[in-house]
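The values are calculated or read from the model by the stated rules, or taken from the named source; none is laboratory data. Remember, predicted model here, so these are calculated numbers, not experimental data. Neighbour counts run over all protein chains shown; Cβ positions are idealised from the backbone, glycine included.
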Amino acid sequence: MNFQLDEKRLALQAAIREFAQNELLPGVIERDEASQFPLEQYKKLGELGYAGLPYPVELGGAGGDYLDYAITIEEISKVDASLGIAYSIGLSAYVGSILNGTDEQIKAWTPDVIQGKCLGSFALTEPNAGSDAGGCVTTAVKKGDKYVINGLKCFNTNGPLAEHFAVYALTQPELGAKGLSCFHVDKGTPGFSIGKIENKMGIRAAQVSELIFEECEIPETALIGKEGDGFKYAMKALDGGRIGVASQALGIAEGAFEIARKYLMTREQFGKPIYKNQHLAFKMAELECEIEMAKYMVYKAALDKSEGRPYSIPASKAKMVCTNAAMHVTTEAVQMLGGNGFMREYHVERMMRDAKITQIYEGTNEIQKLIISRDLFK
Ligand SMILES: Cc1cc2nc3c(=O)[nH]c(=O)nc-3n(C[C@H](O)[C@H](O)[C@H](O)COP(=O)(O)OP(=O)(O)OC[C@H]3O[C@@H](n4cnc5c(N)ncnc54)[C@H](O)[C@@H]3O)c2cc1C
């Protein structure tokens with residue numbers, strides 16, 4: 001196994017790193033405070049060809065793979081984790097859902113998102129169906145050549161901003177999860193509106209909202225794949241999404257680590273830089289190992305997906321390890337910066353708030369343990 005990134009990937013990494021420093025770092029604190037999404041910067045990423053990296057050129061992608069995608073989210077999230085998740089949800093959970101459709105549907109509803117011209121969104125969660133995603137009650141009832149959707153989706157990332165939505169609703173409610181189907185819904189469809197926009201602890205620049213469906217009619221041609229296969233598609237899309245969240249978490253951890261490393265070298269107390277206290281230097285050594293372990297796990301999961309190996313369990317493992325590392329590293333970074341760590345201008349307090357959500361969404365880490373342990377004892 002080769003642990004070195006090849007030249008092409010190193011060039012991609014350098015380009016996204018430069019983009020993040022020049023385009024994302026300025027204003028990141030203000031965007032967090034104002035809950036303002038960097039839409040212009042997101043579209044610029046698309047114009048530069050960095051949106052649909054793992055997708056075929058025919059769909060407007062770059063013909064790359066999931067490791068390119070993971071590296072890009074990692075570099076973005078070192079600076080702006082809100083953009084990291086918006087990018088990840090659109091390109092993996094939304095596009096991943098629609099890819100279960102026909103060629104015609106894929107060509108109609110994925111290229112704009114793949115090219116970064118607009119955002120995509122993935123609507124599975126409901127007020128009473130979170131970890132137990134099969135407990136959805138939103139329905140899609142067939143009437144003639146249409147489906148009529150009624151229900152409420154919640155915690156929808158990109159909800160207020162997206163143009164395209166992958167919406168999961170019951171076509172046969174009596175079957176529970178086996179009656180769940182996937183639909184494409186366009187922004188602005190009559191009967192579909194944005195509800196409450198959430199006021200969040202972290203990833204504050206990302207937009208997360210309710211989606212309300214009231215007698216929302218969509219053509220029967222908006223059904224993706226087969227009726228009743230929705231749960232399967234959602235779980236597959238989430239497997240890809242977990243590689244995105246793991247990469248986001250890795251980026252947050254690395255971003256906070258670097259700020260702490262520089263701070264330890266410049267801040268002096270008791271007449272010497274504080275890194276000369278063995279406690280702090282040893283703590284950094286431990287965090288460095290934790291980050292490196294997390295990186296190998298998410299890169300491996302990304303390569304497993306790219307090279308056609310099973311990646312569901314590797315994605316769950318990477319999600320759990322990377323997100324726990326992000327929480328640990330950011331918490332330690334705040335502590336190492338002392339009082340300054342608590343202040344907005346030093347970034348690490350935001351990173352600590354951003355890290356928390358990575359342990360919760362796209363399946364909480366308890367659900368990842370459920371998935372990993374079931375596989376151990378099957
Ligand atoms: C900011 C944000 C963005 C999100 N974006 C999206 C999105 O774009 N699309 C979307 O569909 N969803 C999205 N979600 C939903 C997210 O995936 C869910 O919040 C998450 O899966 C947890 O569900 P829940 O909040 O209902 O918690 P619950 O399922 O109620 O869980 C509560 C607690 O119980 C634990 N728990 C539950 N069941 C078990 C079990 N069997 N064993 C052990 N512990 C268990 C959980 O781990 C958790 O600690 C988002 C959520 C947030 C907060």
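From the list Ile360, Ile367, Ile371, the lone residue that is outside the structural domain of Ile85 (by TED's automatic domain parsing), more than 10 Å from the ligand (Cβ to nearest atom) and either surrounded by 15 or more Cβ atoms within 10 Å (Cβ to Cβ) or over 18 Å from the mean Cα position of the chain (by Cα) (or both) is Ile371.
Scan segment 150-173 for residues that are of a type in the set (S, T, N, Q) and either within 15 Å of the ligand (Cβ to nearest atom) or under 12 Å from Leu223 (Cα atoms) (or both) and report the count. Reasoning before the result, please.
Taking segment 150-173 and keeping what is of a type in the set (S, T, N, Q), we get 150, 156-158, 171-172.
Adding the requirement that they be either within 15 Å of the ligand (Cβ to nearest atom) or under 12 Å from Leu223 (Cα atoms) (or both) leaves 156-158, 171.
Count: 4.
Could you tell me whether Gly228 is out of contact with any Phe, Trp or Tyr (no Cβ under 9 Å at 6 or more places or on another chain) and either closer than 22 Å to Lys43 by Cα or among the hydroxyl-bearing types (Ser, Thr, Tyr) (or both)? So that I can check it myself, show each step before the final result.
Numbers: out of contact with any Phe, Trp or Tyr (no Cβ under 9 Å at 6 or more places or on another chain): yes; either closer than 22 Å to Lys43 by Cα or among the hydroxyl-bearing types (Ser, Thr, Tyr) (or both): no.
The answer is no for Gly228.
Scoring Thr138 on the criteria (1) within 13 Å of the ligand (Cβ to nearest atom); (2) of a type in the set (S, T, N, Q); (3) in contact with a helix residue (DSSP H, G or I) (Cβ under 9 Å, 6 or more places away or on another chain) leaves a single failure, condition (3). One residue stands out in segment 200-214 among those that are within 9 Å of the ligand (Cβ to nearest atom) and touching a helix residue (DSSP H, G or I) at 6+ places or on another chain (Cβ under 7 Å): the one that is nearest to Ser88 (Cα to Cα), namely Ala206.
Against the list (1) within 16 Å of the ligand (Cβ to nearest atom); (2) surrounded by 21 or more Cβ atoms within 10 Å (Cβ to Cβ), the condition Tyr147 fails is (1).
Does at least one position in segment 120-139 carry a residue that is surrounded by fewer than 24 Cβ atoms within 10 Å (Cβ to Cβ), within 16 Å of the chain's Cα centre (by Cα) and outside the structural domain of Ile371 (by TED's automatic domain parsing)?
Kept after step one, since they are surrounded by fewer than 24 Cβ atoms within 10 Å (Cβ to Cβ), are these residues of segment 120-139: 125-135, 137-139.
From what's left, within 16 Å of the chain's Cα centre (by Cα): 125.
Next cut, outside the structural domain of Ile371 (by TED's automatic domain parsing) only: 125.
Taking every residue of segment 120-139 in turn, at least one turns out to be surrounded by fewer than 24 Cβ atoms within 10 Å (Cβ to Cβ), within 16 Å of the chain's Cα centre (by Cα) and outside the structural domain of Ile371 (by TED's automatic domain parsing).
Among the residues making up segment 45-59, those that are without any contact (Cβ under 8 Å) to a residue 60 or more places away in the chain and out of contact with any Ser or Thr (no Cβ under 8 Å at 6 or more places or on another chain) are Leu48, Gly49, Pro56, Val57, Glu58.
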